[in-house]
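Encoded as structure tokens, the structure appears first; notes follow it.
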Amino acid sequence: MVSFKEVSFVAAVTAALFSIGVNAVDNGLAITPQMGWDNWNAFGCDVSEELLLQTAQLIVDYGLKDLGYHYVILDDCWSVGRNASNNNSLIADPEKFPRGMAAVADNLHALGLGFGMYSDAGKYTCGGYAGSLGYETVDANTFAGWGVDYLKYDNCFNEGYAGNQQLSSARYRTMGNALNATGRPILYSLCNWGEDYPWNWGSTIANSWRISGDVFDSFDMADARCPCDGPDAWNCGLPGFHCSVTNIMNKASFIVSKAQPGGWNDLDMLEVGNGAMTDAEYVAHFSMWAVAKSPLIMGNDIRTIAPADLAILSNTAVIAVNQDPSGSSAARRWIYNTNGTDANGRASIQMWSGNLASTTGGTYSDMVVLLVNGNDATTVMNATLANIFVDSGPVGTAPQAQMSWEVRDLWANRMSSDEAASIIAASSATGNATAGYNATTVGSGRYNSTAMSYKEGLAANSTLLLGNVTTTVQALGTITATVDPHGAALFRLRALPTGSLRKRDEL
Ligand code: GAL
């Protein structure tokens, strides 16, 4: 029994917390994980107005804006310092951005896109340009004045204001407060590489927080520059960089419950299309980021995108899982080491599952199931309903494990490379970046989330979002998939009417 003393202690602590402003970030943004494009993975410091605007036009032309890729994010290396005679405000590099940042923002807004900006909670950015530490208010006001809609905020040269959660969160909160004070809704994306457990405090000040060192275009390559490798890597003190997608997924597996509407675990920008992974690996990468509710920020050169990569990034059945209104991440249910079947002897297979919003009107919601094959060989993988629904009851006791389900393959309707090629050709054939995407001639029948949100489309059972029914799985049964080397299978399970269950019971 809770004593009066304890109750008043709890009340006092609660009141104290509220008085120091511990509440979730309340800018109304990123209710589902943010989507967009960032130049860093493909271009590094080679940034310019031309790059951003050409890319933005292609995001529109290729239908990617319609799919939800909204923010065009400029990363590091864009400034030439501060202007002492103008309140020490940041100056955009006049060679890279001859018309200034406000003009870029205007052009992006005219296309219906958002403008993302980069700075650093330190003296310098990671590229050595002026950082925002100590200049939070002036920089937030500058960004708001330019029409910025998004801030990625990095962690280099932080002057030692790190090492525990209080130091890091206070430093990041200062910019969050400055952004809020501008009155302009600016999505706030923390980039401190998982240092000081940002998943514990990030949601109180920001919309997302990076959980690891920088991603690398590799499925599972071990690299000394990214320590803490392997399925048990937890509590990593050294974020590093050159982290494979498998490495980052392992790190994500420990903190899935931290994802929530308005605040997401950021697994870093996508590498799809950057060329060093196989098609199967990119399918796995995109599937993993989608189920873990990571922001989906494309990181490739859209101007030279290959049809197969456009098809991956355009898979609405997968994006619909990421943008599902339930806003809860899938969780890893098992991982098995399969030593010996992989060149580096550390391969694994794993299964993730998670609840989606119910779209059938029934009692039990849809469920997403992801199987990832880390072996170098094609592998037949099995997922039992008992394991898929283990959150709702152990060893098959969950009511859902005792029902029958439709199994919908979310990669079955992947756009063909021919169709993707025709979408690409329809834009470049005009030779004119302002000609625009013509939905009636190319890509007709594609999903348009700017006209109907994923939430509405799912509620309306839009077939473009639900994949293909391939089979059904009976009560206490097993789903089996033959999965490519380093590939993935991704399914949406949908409850069959209980009538079928009853019939089975009667047999
Ligand atoms: C890193 C960050 C990268 C990129 C880079 C720019 O710290 O994680 O995503 O922004 O800095 O220098």
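What to note about this one:
- Matching residues in segment 191-201 - criterion: being within 15 Å of the ligand (Cβ to nearest atom) and in contact (Cβ under 8 Å) with a residue 40 or more places away in the chain: Cys191, Asn192, Trp193, Gly194, Glu195
- Test: Val369 is at pLDDT 95 or above, in a strand (DSSP E or B) and surrounded by fewer than 22 Cβ atoms within 10 Å (Cβ to Cβ): no
- Some residue of segment 210-218 being away from the ligand (no atom under 16 Å from the Cβ), touching a residue at least 12 places away in the same chain (Cβ under 8 Å) and crowded, with 23+ Cβ neighbours inside 10 Å: no
- Candidates Asp391, Asp409 - the one that is under 22 Å from the mean Cα position of the chain (by Cα) and either within 23 Å of Ala259 (Cβ to Cβ) or of a type outside the set (S, T, N, Q) (or both): Asp409
- Scanning segment 238-290 for residues that are of a type in the set (S, T, N, Q), away from the ligand (no atom under 16 Å from the Cβ) and either in a helix (DSSP H, G or I) or closer than 18 Å to Asn155 by Cβ (or both) gives Thr246, Asn250, Ser257, Ser287.
- Conditions (1) under 15 Å from Asp214 (Cβ atoms); (2) within 15 Å of the ligand (Cβ to nearest atom); number of the one not met by Asp229: (2)
- Of all residues in segment 127-151, none that is at positive phi and not assigned by TED's automatic domain parsing to the domain that holds Leu108 has its Cβ atom under 6 Å from the Cβ atom of a residue that is within 16 Å of the ligand (Cβ to nearest atom) and of a type in the set (A, V, I, L, M, F, W, C), 6 or more apart or on another chain.
- Strands (runs of 3 or more DSSP E) within segment 71-187 that include 2 or more residues more than 16 Å from the ligand (Cβ to nearest atom), farther than 22 Å from Trp264 by Cα and among the hydroxyl-bearing types (Ser, Thr, Tyr): none
Yes/no matrix, rows are residues, columns are (1) on the phi > 0 side of the Ramachandran plot; (2) over 24 Å from the mean Cα position of the chain (by Cα); (3) assigned to a loop (DSSP other than H, G, I, E, B):
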{"site": "Arg303", "(1), (2), (3)": "no, no, no"}
{"site": "Ile312", "(1), (2), (3)": "no, no, no"}
{"site": "Ala317", "(1), (2), (3)": "no, no, no"}
{"site": "Pro325", "(1), (2), (3)": "no, no, yes"}
{"site": "Met351", "(1), (2), (3)": "no, no, no"}
{"site": "Ala386", "(1), (2), (3)": "no, yes, no"}
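The values are calculated or read from the model by the stated rules, or taken from the named source; none is laboratory data. Just so we're clear, the structure is a prediction, and the values are computed from it rather than from any experiment. Glycine also receives a Cβ, built like all others from the backbone with ideal geometry; neighbour counts cover every protein chain displayed.
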